[in-house]
Amino acid sequence: MTEHTTDIQETRPAHTVAGFLSAMAIFAALIGLAWHPLRLIPIATLLALISAAMAPRGNRLAMWALFICAGCFFFGLLIAVVTSRSLW
């Protein structure tokens, strides 16, 4: 009889905190599109970088948080310049 062994990943509290930080970073970056982009989006990017460092290897949420923050930074500044709003 063969034994089926599956790799069960150990979940640590740091991985859970990384998920929450990633979600907070995405939320802050999306709010930065509508509000002052240079106030929120760099802080959101910093949160996303911290969550990527805390997350296990191959975590998609942390990766997407970084991509969303980068895209929101570009589009937030673009929207602010086109609509003549203040960046701060």
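Name the residue, out of ALA44, ALA55, ALA65, ALA23, that is buried (at least 23 other Cβ atoms within 10 Å of the Cβ) and over 25 Å from ARG85 (Cα atoms). Talk me through it step by step, then tell me what you get.
Numbers: ALA44 fails: over 25 Å from ARG85 (Cα atoms); ALA55 fails: buried (at least 23 other Cβ atoms within 10 Å of the Cβ); ALA23 fails: buried (at least 23 other Cβ atoms within 10 Å of the Cβ).
None of the others qualify; the one that does is ALA65.
Which of the residues spanning region 28-37 are more than 16 Å from the chain's Cα centre (by Cα) and either part of a helix (DSSP H, G or I) or at pLDDT 95 or above (or both)?
ALA34
Might you check whether a residue that is touching a Pro at 6+ places or on another chain (Cβ under 7 Å) and either at pLDDT below 90 or assigned to a loop (DSSP other than H, G, I, E, B) (or both) occurs anywhere in region 66-88?
Within region 66-88, one or more residues are touching a Pro at 6+ places or on another chain (Cβ under 7 Å) and either at pLDDT below 90 or assigned to a loop (DSSP other than H, G, I, E, B) (or both).
Looking only at region 13-41, which residues are within 14 Å of PRO56 (Cβ to Cβ) and hydrophobic (A, V, I, L, M, F, W, C)?
Listed by number, the residues that qualify are ALA14, VAL17, ALA18, LEU21.
The values are calculated or read from the model by the stated rules, or taken from the named source; none is laboratory data. What you see is a predicted model, and the numbers here were worked out from it, not measured in a lab. Here the Cβ is made from the backbone with ideal geometry for all residues, glycine too, and neighbour counts use every protein chain on show.
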